[in-house]
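Participant: Quick one: structure below, then a few questions.
The values are calculated or read from the model by the stated rules, or taken from the named source; none is laboratory data. This is a predicted model, so every value here is computed, not measured. Virtual Cβ from ideal backbone geometry, glycine too; neighbours counted across all protein chains shown. To get the accessible areas, we keep the full protein, side chains included, count just its heavy atoms, and leave off ligands, DNA and RNA. Shrake-Rupley method; radii C 1.70, N 1.55, O 1.52, S 1.80 Å.
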Amino acid sequence: MRAELVVTTYPGAIAQIVTNLLHNALVHAFPSGHVGTVILWIDRSADGQVELGCGDDGVGISPELLRRVYEPFFTTARGSGGSGLGLHIVHNLVTDLLCGTIRAESTPGRGARFTVRFPAHAEA
């Protein structure tokens, strides 16, 4: 049995982060005809912070694109309705509002993983 995770922070920001990470995975990880899995998790990290993550087993992100994922207006889905703001917004919410970090990892053909870490109690 796991201990309850209590977080005092900005629920709207958490909802936006989860929504954007999940949407990004569904749009980009599985091109038409591909089927896969997306996993969301939340836990306490070893250093006591909250760890929130989203991972998939989709097509992955090339190293060239991975370096640019947080840039405003950068998207590979411009013709499909993508604005290129989803991960930029996530990055800003995590780093500016939650005083946390976000890390993106990917191996082409083996999926992508985004890990967010932030303090369990937001500063007033």
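Participant: Is the C-alpha gyration tensor of the range 1-117 telling us rounded, prolate or oblate? Criteria: a/c under 1.5 is rounded; beyond that, a/b larger than b/c is prolate, otherwise oblate.
Facilitator: It comes out prolate by the Cα gyration axes.
Participant: Give a residue-ordered list of calculated ³J(HN,Hα) values for the range 64-75 (Karplus: 6.51 cos²θ - 1.76 cosθ + 1.60, θ = phi - 60°; whole Hz; x for Gly, Pro).
Facilitator: 5, 6, 4, 5, 10, 4, 9, 5, x, 6, 8, 8
Participant: Hey, with R₀ at 35 Å, roughly what FRET efficiency would Asp43 and Arg68 work out to, going by the Cβ-Cβ distance, to 0.05?
Facilitator: Efficiency at R0 = 35 Å is approximately 0.80.
Participant: Are there GluC sites (Glu not before Pro) in the range 1-77 that DSSP puts in a loop and that have at most 13 other Cβ atoms within 10 Å, and which ones?
Facilitator: Taking the range 1-77 and a limit of 13 other Cβ atoms within 10 Å, the loop GluC sites (Glu not before Pro) found are Glu4.
Participant: Give me the percent of the accessible area of the chain that comes from carbon and sulfur atoms, probe 1.4 Å, all protein chains in place.
Facilitator: 56 percent
Participant: Averaged per residue, what accessible surface does the chain expose to a 1.4 Å probe, in Å²?
Facilitator: With all protein chains present, the chain gives 61 Å² per residue.
Participant: Further question on the same structure: Where does the range 26-72 land on the Kirkwood hydrodynamic radius, alpha-carbon pairs, in angstrom?
Facilitator: 12.8 Å
Participant: Using helices alone, what [θ] at 222 nm do you get for the chain, with -39,500 (n - 2.57) per DSSP H run of 4 or more residues, divided over all residues and rounded to the nearest 500?
Facilitator: -7000 deg cm²/dmol
Participant: So what are the ³J(HN,Hα) numbers for the range 11-18, from phi and the Karplus equation (6.51, -1.76, 1.60; θ = phi - 60°), rounded to whole Hz, Gly and Pro as x?
Facilitator: Each residue's phi maps through the Karplus curve to give x, x, 5, 4, 4, 5, 4, 4 Hz.
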